[in-house]
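Worksheet: the structure to be examined is printed underneath.
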Amino acid sequence: MAASAAGAASGQFLTRLIDPNQSKCSSSSQTLRFFRRRYQPCIMSMNGCKGSDQAGLFPVETIETRSLSPVPSPALAMDSLKAAIYQLKLEPPASASGIIRLQVPIQQQIDAIDWLHTQNNVLLSRCFFSGRSDSSDVFHSVDRNGNGNGSPKGANSLLSVAGVGSAVFFRRMDPFSYSDWKSIRRFLSDTSPLIRAYGGIRFDARSNMSSEWERFGSFYFMVPQVELDELEGNSMLATTVAWDESLSLPWEMAIDALQATMRQLSSFVVNMRNERPKTFVVSKTDVPSKKYWELAVNRALQQIDRSNSELTKVVLARSSRVVTANDIAPTTWLTCLQVGKDKDNAYQFCLQPPNAPAFIGNTPEQLFHRKCLCVSSEALAGTRARGGSTAQDLQVELDLLSSPKDHLEFTIVRESIRKKLEAVCSGVTVEPKKVIKKLRRVQHLYAQLTGRLKCEDDEFDILASLHPTPAVCGSPREEARVFIAENEVFDRGMYAGPVGWFGGGESEFAVGIRSALVEKGLGALMYAGTGIVKGSNPSLEWDELELKISQFTKLLKLEVPQRETLMT
């Protein structure tokens, strides 16, 4: 009976805002889809339980991280956590609400993506996030003994995190609001920095939602029940239990749900580094087709050229459905994307609600990183392929740096981000102002911007004002958004939306580009976009789309092989 109840408790749930028709005021004149208003409580379901209208008013009573003794293997870590959970069940906390993380260091380095792949048969929510090693910002640091206190002394970088199941979810169909942000924040504390909410937000919550994106809602965040943290030189396995009687999730139900999840997980980890998709493409369909893409680009250029139009740039995108002969696990895609320099120069992510497709990506673009009051963001625009030799690569770099069209596109992006940071930050700097950022297959124009928030509550304003950037929407933002809504014939979903995590004293979000929606039995929907400015050529922009999705398509054979090939 306990397992049955726990299974039901870990099913679907939805967060709703009280009085959604209440008038809202914009947090800034340029905010599109985020709304800041006087704080209203959020009705939130935790693991399928319906919530209370008082849920979001106060922080949970208990936020705690407990570290166990290090062990040499994942199997022993599972045993240690199960024993600790059993003991915790015998000695329940007295508080009516809270969140407790139990963590055990593992004395070997385990790839988080390998651990997640091992759990592929578990039908629970899943998440994965990997930071960039080339960034001047640190994804996070933890004590080598696994205390998770963020102390710089003896710090060890957190490379990636994989999570299964949810201690608490956050999802609604309405646009992400200040109230929703506060509802997430009440479960977080800088005293437990590794308790985080991972997730993403739709590119445009005003647009019509297609069926493949419905389970993601307008935003979707989760605090994992069980996670594997990959560190430099070692690892850490952790479980998190969250409860709140006002949200109809009492302690007993929450701890039973965690035990049910633990019983489903495997402690046997398989190295996937040599695994490649063993399949071929049955069909590939682009929406829009090349013909209609050229019409859309020309329509955009005509509007940009109008004397009465404020539009200077619009980012148009394409969805490419690839149907494969066999299913490819999202974790297999991610493993392939991590090969080469792109692993160091890009964020990898995976977000998958229960019984839903997996949104995966390999994005080079940071939206923002906050540590305490310090904030950084990046401008990224202009795309060229890497040269076949050192001399050719240098020539491509010089062409990109001297291109008037790409300079215009990049300047629009950089200056837009700078102005938005200046609205909520002090001492904004841009350094470098324009350089080349090289990835394994492409190179871009790049600049970094930094500033300092006046208070931590300004984090919501940063997220609200920065997204969508001109790099994925256009300029002016509202004019570009309207053009996209009227001319694109597919649902972007979370493509080009913020993807990342909220933590107690630190948060980090990337832009969900170079991404795909992997759906069981249906292959994948791959997304790519390109900025249209005065001087853009429709055919060359189409070629840029092909280049951007090549990180996915290069993993597969693009033609059905002959029978002889299949038999060898």
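Points to keep in mind about this one:
- Residue check, Arg481 assigned to a helix (DSSP H, G or I) and surrounded by fewer than 24 Cβ atoms within 10 Å (Cβ to Cβ): yes
The rows are residues; the columns are (1) outside the structural domain of Ala471 (by the TED database); (2) over 30 Å from Lys371 (Cβ atoms); (3) crowded, with 19+ Cβ neighbours inside 10 Å.
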{"residue": "Val499", "(1), (2), (3)": "no, no, yes"}
{"residue": "Gly505", "(1), (2), (3)": "no, no, no"}
{"residue": "Val518", "(1), (2), (3)": "no, yes, yes"}
{"residue": "Ala524", "(1), (2), (3)": "no, yes, yes"}
{"residue": "Ile532", "(1), (2), (3)": "no, yes, yes"}
{"residue": "Ser539", "(1), (2), (3)": "no, yes, no"}
{"residue": "Asp543", "(1), (2), (3)": "no, yes, no"}
{"residue": "Ile549", "(1), (2), (3)": "no, yes, yes"}
{"residue": "Phe552", "(1), (2), (3)": "no, yes, yes"}
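- Counting residues in the range 366-387 that are more than 19 Å from Gly529 (Cα to Cα), open to solvent by 40 Å² or more (accessible area, probe 1.4 Å) and β-branched (Val, Ile, Thr) gives zero.
- Qualifying residue in the range 79-90 (condition: hydroxyl-bearing (Ser, Thr, Tyr), modelled with pLDDT of 90 or more and not in a helix (DSSP H, G or I)): no
- Count of the range 437-495 residues which are of a type in the set (Asp, Glu), farther than 19 Å from Glu422 by Cα and touching a helix residue (DSSP H, G or I) at 6+ places or on another chain (Cβ under 9 Å): 3
- The helices (runs of 4 or more DSSP H) located wholly in the range 377-476 that include 1 or more residues which are farther than 30 Å from Phe176 by Cβ occupy 390-402, 404-424.
- Contact map, the range 391-415: residues that are in contact (Cβ under 8 Å) with a residue 40 or more places away in the chain and within 16 Å of Gly535 (Cβ to Cβ) paired with residues that are assigned to a helix (DSSP H, G or I) and open to solvent by less than 40 Å² (accessible area, probe 1.4 Å), Cβ distance under 8 Å, separation 6+ or inter-chain. Pairs shown: Leu400/Asp406.
- Selection status of Thr363, over 30 Å from Ser289 (Cβ atoms), open to solvent by less than 10 Å² (accessible area, probe 1.4 Å) and either among the aromatic types (Phe, Trp, Tyr) or in contact (Cβ under 8 Å) with a residue 24 or more places away in the chain (or both): no
- All strands (runs of 3 or more DSSP E) inside the range 492-556 with 2 or more residues being touching a residue at least 24 places away in the same chain (Cβ under 8 Å), touching a Gly at 6+ places or on another chain (Cβ under 8 Å) and hydrophobic (A, V, I, L, M, F, W, C): 498-502, 506-511, 515-519
- Within the range 447-468, the set of residues being hydrophobic (A, V, I, L, M, F, W, C) and either surrounded by 20 or more Cβ atoms within 10 Å (Cβ to Cβ) or over 23 Å from Pro432 (Cβ atoms) (or both) comprises Ala447, Leu449, Cys455, Phe460, Ile462, Leu463, Ala464, Leu466.
The values are calculated or read from the model by the stated rules, or taken from the named source; none is laboratory data. It should be emphasised that the depicted structure is a prediction, and the values quoted were computed from it without experimental measurement. Cβ atoms come from the backbone with ideal geometry, glycine included; neighbour counts cover every protein chain shown. Surface areas here come from the heavy atoms of the whole protein model, side chains and all, with no ligands, DNA or RNA. Shrake-Rupley method; radii C 1.70, N 1.55, O 1.52, S 1.80 Å.
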